[in-house]
1. To two decimal places, what compactness ratio does region 297-397 give when its Cα radius of gyration is scaled by 2.2 N^0.38 Å?
2. Mind grabbing the accessible area of residue 34 for me, 1.4 Å probe, Å², rounded to tens?
3. With a sphere of radius 13 Å drawn around the Cβ of residue 160, what net charge do the other residues whose Cβ falls strictly inside it have (Lys, Arg +1; Asp, Glu -1)?
4. Once amide H atoms are placed 1.01 Å from N in the peptide plane, what residues at a sequence separation of 5 or more from residue 285, or on another chain, have their amide H within under 5 Å of its amide H?
5. In what sequence, largest accessible area first, do 13, 323 appear using a 1.4 Å probe?
6. Taking the Cα atoms of the chain alone, what are Rg (to one decimal) and Dmax (as a whole number) in Å?
7. Residues with amide H under 5 Å of residue 340's amide H, sequence separation 5 or more or different chain, H placed in the peptide plane at 1.01 Å from N; which?
8. Please work out the ratio of the alpha-carbon Rg of region 65-221 to 2.2 N^0.38 Å and round it to two decimals.
Amino acid sequence: MKLEKSKLEGNKTVQISGSKSISNRLLILESLFSNIKIGNLSNSQDTQLLKKALSENTESVDIHHAGTAMRFLTSYYSIEPGKTTVLTGSKRMKERPIKNLVNALKDLGVDIEYLENEGFPPLKITGKKITQTSVNVPANISSQFITSLLLIAGKLENGLHIHLVGEVTSRSYIEMTLDILTKFGIKNSFEGNTIQVEPFNPGEQSSTAAYEVESDWSSASYFYSICALGRETIHLKSFYKESTQGDSAIAKIYEDFFGVKTTFSEAEHKITLEPQKDFTYPEKIVLDMNNCPDIAQTLCVTAAALQIPFEISGLGTLRVKETDRLLALFNELKKLGTETEITDVTIRSLSFGEPEENISIKTYQDHRMAMSFAPFCLIKELNIEEENVVEKSYPMFWKDLASVVTN
């Protein structure tokens, strides 16, 4: 997709779909407990794939590129006694490690086999009735592995104690999951490195629980970038001031480093992004994004466009996402004139120069690569390859982008 050099039109409003992270958690809980009604469900491809898998009673389930679905369904199928399920996905999915989650489930007594390569999908899962009450899990793994266990914990007759070994990664996503469990009457606690989830007692919740899904802060991040570069006001719906989404950190990050102030309208569930006049940019951005790694790409592109030096840490999970996101950033930021240095957990800028004459951004089958680089069209025209990858999390992105910019 060719994006012409554009400018931002002020005071436009965008309605963003429900959070993919929250929607996927709720779909698992809805399937396990029949007392949940979901509103504003995400329209992302990942969420639709998970919804489809949960509605079908088949022996083989292919979730394509949906990493969240792979992790959540691994635990979900593990507690269906007597049912055998083959869980598979795309070529890239078969390269994404799942050993830590499988090990935890095996420790709980579940029968899981690797059908191709040790530690990776596809999996053959034979469901069991889990009676064990405790499991140790490395704390620095993907929070989705831990969330996968938490979502089934309330269904276990004895509940579950999870002991996190080491320093916790992406704590905010774990806390989001626990907050959702609490809303539906599943008692839990998170003290130190120990999480305890009590078995769900249906008698404690007599009526159907309704949950209106907040819009997705990860998707909002691209409009923060657009606002930072275009320096005009944007309104986004539907967002809450007291959000449990880790990526809501984008509001403070963009106010501190790019002068984009967020104002909340509680009555309308709307946020207003307003660039501050005469803002003084920092000499350097130094930030640990351990709790919000999914918005790191957005921040790096914004900083590169404004030629603000940056050093971002806490990015260990980016190596095993839809692509190796750190390597992808290293490659594609060069096209914007930004040289970087990467390690397994960091990226930092080395120098800034002129962008390439004809920029064409590879997306590596990664939705966030497409959307995080798109705001650069406010600086210079560029081409986004395989633009349909946005369907994974934000199918309406190109339409929403076109609604706020003009050539």
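The values are calculated or read from the model by the stated rules, or taken from the named source; none is laboratory data. Keep in mind it's a predicted model, so treat the numbers as computed, not measured. Cβ coordinates were reconstructed from backbone atoms using ideal geometry, including for glycine residues, and neighbour counts include every protein chain displayed. For accessibility, only protein heavy atoms count, side chains too; no ligands or nucleic acids. Shrake-Rupley method; radii C 1.70, N 1.55, O 1.52, S 1.80 Å.
1. Against the empirical 2.2 N^0.38 Å value, I get 1.00 for region 297-397.
2. 120
3. So the environment of residue 160 carries a net charge of -1.
4. So residue 285 has HN proximity to 310, 311.
5. So, going from the largest accessible area down, we get 13, 323.
6. My reading of the Cα-based Rg and Dmax gives 21.3, 66 Å.
7. Residues meeting the amide H criterion: 350.
8. 1.04
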